[in-house]
Every structure is written in C-alpha cells, then in structure tokens.
Amino acid sequence: MDYRIKIESFEGPFDLLFQLIEKNKIDIYDIPIHEIAKQYIEHVLAMDELNLDTTSEFLVLAATLLEIKSKMLLPVELEEGEQLELEDADPRNELVRKLLEYKKYKIIAEMFKEREKEFFKIFYKLKDEIVSDENEECFNNTTIQDIFVSFQKIIEKNNISIDFRTNIHQLKKEHFTVDEKIEVILDLLQTSKTLKLNQFFLLSNSIGEIITIFLAILELIKLERITVYQNSCFNEITLELKVG
Amino acid sequence: MNKDELKGIIEALLFAWSEPLSIKELCKLIDVDKDEVEISINEMSDEFSYEKRGLQIIKMEEYYQLATKPKHHEYIKSLLEPKQKKGLTRATLETLSIIAYKQPVTKVEVESIRGVKCDKSIHTLQEKGLVEERGRLEKTGRPILYGTNIYFLKMFGLTSLEELPEINELDLLTETENEVKDIFSR
Amino acid sequence: MNKDELKGIIEALLFAWSEPLSIKELCKLIDVDKDEVEISINEMSDEFSYEKRGLQIIKMEEYYQLATKPKHHEYIKSLLEPKQKKGLTRATLETLSIIAYKQPVTKVEVESIRGVKCDKSIHTLQEKGLVEERGRLEKTGRPILYGTNIYFLKMFGLTSLEELPEINELDLLTETENEVKDIFSR
C-alpha cells in the first residue's frame, strides 16, 4: 500500500535550506556548507523514500551545495598581485544573496497572510441589476441558441464547472406498495412457475422499488404462498409457487 | 453600545444583506430590543433624507432594506449596459439561461453565478410566464427554487428539457487551463 | 448642484454599481470635474468614519467602492452564510509577493527567486483576478510580463502600490525574523 507520512512542507529548495539554517541557528553569512549540504541531501533523500515528488529543483540546489563544498575544499591559488573578485572570494556568496532575496519575499508573504485575514472582514454587496423602465422585454428574436450561447459564455467567464445535478436533489414519491408487488410476483409465477430473484431486481428502477419487491417476497414466504431455494452457496435464488 | 454604534451596525447589516431583512432577525443578530432597533431605524431614515444622502431605508411591513432614492434614478440608469435592439436584454437572457440549465435553482445561486442581483430579471421572467416557483429549499430562509415551465419549452420549440443544447465541458477549457493540465499530466 | 446633492449622487452610484467604480466614470455620469468628485469623496470618507457609519469608501488607485467596516465583521458574519473565504496558500502568497514588488515581472524571474516552478500559482492568481498580464518583454521568447491590479489592492487593503511596505535589505541581514516583522507594523 502506498502510504504517506506528513512531513514538514517546503515551498521549494530555498525554503528547505532556509529552515535548516534556522533550525541550526546558523549565521547566514558563514554557512557551514559541509554540514548543511549533508542535512539538505538527507532531507531530499527522505522525501524520495516517502514517495513525495522530488522535483528537479531540489536536486539542482543539492548539486549547487556540493559544488560550493568542493570549491571550498580547493585552495585558492593567487598569482602575485591578483585581486580576488567578490564572487570568487567566497563561493557561498551567490547562494547567500539568493537566500536573502528569497527570505525577503517569504516575510512579505507572511505579512500578506496577516493582511488577508484582516481584510476578509470587509463585506461588499452584489451589484444591482439596473433595468430601464421603458425597456420592454421582447422574446421575438430570441432562440434556444441564444440561451445556449448565453449560458456557455457565463460558464466561460466565471470558470465554473457545469454540474447540472447541482446540490439539489428532488425526492420522487415512490408509488410502490407491498400489496401491488405481491400481485405482480404472483402473476409472474403463475405464468412461468419458477423465477430467479435477480430477475425481479433487474426489472426495478429504484432502490425503493427493490426494497418493496424484497418485502413482498418476505411477505409471500411468511404467508406460505411461495417457496424459495438455493442449489448451493452463492448460487442464484429461485422462487416457486407453492402448490396447494 | 451607544446609539450611533447601533445605527452603524444596522446600516452595515442592511448593506451586506441587501435583501429585505426582518426586524426580528436584526434584534437577534445585534442582541438588542425591538424597540431600540425600531427607534434607531426611524431616526436613520430621517437622517438619510435630511442629510440628502444617496440611500434610503425602505420599510415593508416588518422588513427593512437599503436602496437608492428615486430622484437619483436618472444617474443610475446611465450605468446600465447598452440597450439591445429588440429582444431580451442581456440580463434577462443570462438569468433565463442559468435557470434553464441549472433548474431547480435558487435566486442566490443565480446571483452568485452572474455576480449581480437578479430580482428584476427573475420577476420579468415570471411575469412573462416562462419561469415559475418550484417549491423551497429546506435550509435557512427556505429560499424559493425556480425552474422553467411548459411555456418556456413552447416558446423555444422544445418538446422537453433534454432537448436543450448540450454543453460540453471539455470545449470550455481555455488554452491556459489546458496548458496547466499538461503540466500535471507530465 | 450643491455639494450635499453631489455627495448623495456619488453615494447612490457607488451603492448601485457595488463594484469598483472609476473616478473617470463618476465624472462622466454626473457631469462634474474630477477635482470636485475627489474632494467630495474625501469628505464623505471622513464623514463616514466620524459619524460612526456602517459603511466606508474603499479607494483603490482611481477606483472607489462601498463596503462595510472590519469592526462590524462579527455581526455580519452570522448573517451571511458561512461562505468559506479561503485564503491563498503560502506558495501562492510567495508568488504574489514577488509579482507585487517586482512588477512587471516574468515568470522566469519569479521562479528564479522562489527556486520552484510557478505556473500553478500564477494561474491561480490570474483566476482569482489578482494578477494580470502586462504585455511582453522584448527579448527572446517574448515572455509575458505579470503585474497586480486593483483587486489585489482591495484584497490587502491598499489604496495604491506605493503603500506596499518598503523592505530594507539591510534589515534582513542581521535581525531575527520577528524583529524584521516590526518593520511592517511601523
């Protein structure tokens, strides 16, 4: 069985990396790449085992971390008089820049979440339907096609799904009675001697009808008008008129 | 709660509901006496007319509703969409098509689909005898269910509702939606 | 037309339209200057809050809309059906934040900041009507540019994009997240 365990959710690779940095209380300017890369990759592997979608984006960042790690292991050889370019100075710089930019929007997103809650408290009203008085409605030129096109446009505009069976269900009054069904069953058995139980049910249109038929059969058994038998387990059930 | 606060709450409730709201309901919602609500609404009505406000409170027996004043009708009328030459207005056509396809359906549902209040167009359709009430929904407010009737079929030359042109959901997906679907099916 | 009359007409129009109405449209409908309308609306806003009215005028750039006040939320909430106002997910909010601050911006740019594909969240934002296309960038592939619109301002209670809190990058560097949050409350 494919079961899933809910783990912390990450909005993306930066989010995961960020949470690791925060969990480890790391100075973002001095990330111990070796340790963080190890933890990050462990997480990504765990996601894989849990059958979560390990998207390529997570793997890209894993590769980046490993690249930074290897760069940091290599000694930087400087020719005499050569100045270090900022980017070369620390292979982590680019990553830090990206992380900080991401963090900025993460914080903004949280602020938006708060504001969203606050401004959900404001209510608006529906637009009034403004109809001109002298606008005598006239159906002369309206066809069923107009109605069809109009509805189709509304659906397209509002992006709603067309569930015709909406949330309203009409209950139809069932017109079956046990007495009626007893008559029907007896009639049928008069003509064909034996009948399979399934045949009755196949003829019915609703659960209500099936139940009524079943009650009628029980009633007939009780009244000893019919016998019911089954040749073997799970075999079909046969109804037969009782003689005498 | 002081009186100004009470008036503010009443105004907010009438605005948000935008249908007739009973005084009983108002008392229950705000948790104050009927007398207090009644006095406040009367005062508000006076203030609304004295201060030349754009709104008025309409009283219908025990029900109240916020509405615009008749004298502003000329301005409001210009907000309405361009008139169509002969035939149904778009408003009425839209309402009729929603009722035809989604029946039985409540006014609120039609309004939530159109995004506009639909009292007038439903009234027109009832008046023209194309739409009729079909019982009520067993939930708060027991809203009326609307459906089309045989005159509707007759007018549009249908023998039954099954003859309404079928709407194919797949055709309705826009390009972007299909693109998004592609992403997920990858 | 005196000022009170003008205010009355503005109120009636905003009430009937119920959706954001532009100042341009208002001027055209009433046939008065932009300045006059603007002054009246500002005065109305003040009066609405001073008189503890139940309504307020929401301003979104050049658009105005009538709405209730947050403080009456508790009363209205119980009146309106518990329509689930679902908030945006964190992923969608992240995408929205980037678009809001960096607009007009391409999908690729948003994705490079978030580090993940953003097709789905951009689609959601477009569907909710908060984000819209703003032409294309004149470079290879002519990527679509995205920006926010007035419904974005409305949803987060901003009157214009200038009201977006400024983020000082330096503040982000050293402070803990809670301290950074204080920036916004200033």
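Within the range A:66-75, the presence of at least one residue that is modelled with pLDDT of 65 or more and outside any helix (DSSP H, G or I) is confirmed.
Of the residues A:LEU100, A:LEU95, which is within 40 Å of the chain's Cα centre (by Cα), modelled with pLDDT of 85 or more and crowded, with 17+ Cβ neighbours inside 10 Å?
Working: A:LEU100 fails: crowded, with 17+ Cβ neighbours inside 10 Å.
Checking each option against the conditions leaves just A:LEU95.
Quick one: count up the residues across the range C:43-99 that are assigned to a loop (DSSP other than H, G, I, E, B), of a type in the set (Asp, Glu) and within 14 Å of chain B (Cβ to nearest Cβ). Steps first, answer last, please.
Within the range C:43-99, the subset assigned to a loop (DSSP other than H, G, I, E, B) is C:51-54, C:61-62, C:69, C:80-89.
Filter once more, so that each one left must be of a type in the set (Asp, Glu): C:51, C:61-62, C:81.
Add one more test, that the residue is within 14 Å of chain B (Cβ to nearest Cβ), and what stays is C:51, C:81.
The qualifying residues number 2.
Taking the criterion of being of a type in the set (Lys, Arg) and crowded, with 21+ Cβ neighbours inside 10 Å, the only residue of the range B:91-113 that qualifies is B:LYS102.
The rows are residues; the columns are (1) over 22 Å from C:TYR50 (Cβ atoms); (2) surrounded by 16 or more Cβ atoms within 10 Å (Cβ to Cβ).
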site: B:GLU5; (1), (2): no, no
site: B:LEU14; (1), (2): no, yes
site: B:SER18; (1), (2): yes, yes
site: B:SER40; (1), (2): no, yes
site: B:GLU47; (1), (2): no, no
site: B:GLN56; (1), (2): no, yes
site: B:LYS59; (1), (2): yes, no
site: B:TYR63; (1), (2): yes, no
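Exactly one residue out of B:ILE76, B:ILE30, B:ILE23, B:ILE41 is among the aliphatic types (A, V, I, L, M) and within 18 Å of C:TRP17 (Cβ to Cβ), and it is B:ILE76.
B:GLU36 fulfils the conditions (1) loosely packed, with under 13 Cβ neighbours inside 10 Å; (2) modelled with pLDDT of 90 or more; (3) not hydroxyl-bearing (Ser, Thr, Tyr) except for a single criterion, (1).
Name the single residue that is modelled with the highest pLDDT among those in the range B:107-123 being more than 8 Å from chain A (Cβ to nearest Cβ) and farther than 16 Å from B:LEU93 by Cβ.
Residues of the range B:107-123 that are more than 8 Å from chain A (Cβ to nearest Cβ), as a first pass: B:107-108, B:110, B:112, B:122-123.
After this cut, where a residue has to be farther than 16 Å from B:LEU93 by Cβ as well, the list is B:107-108, B:112.
Details: B:LYS107: 89, B:VAL108: 86, B:SER112: 83.
That would be B:LYS107.
Would you mind stating whether A:GLU174 is modelled with pLDDT under 85, part of a helix (DSSP H, G or I) and more than 10 Å from every other protein chain (Cβ to nearest Cβ)? So A:GLU174 fails the test.
Of the listed requirements (1) at pLDDT 85 or above; (2) within 14 Å of chain C (Cβ to nearest Cβ), B:GLN126 misses just one: (2).
The values are calculated or read from the model by the stated rules, or taken from the named source; none is laboratory data. In this text the structure is predicted, and so the values were computed from the model without any measurement. Please note: Cβ atoms are built from the backbone with ideal geometry, for glycine as well, and neighbour counts cover all protein chains shown.
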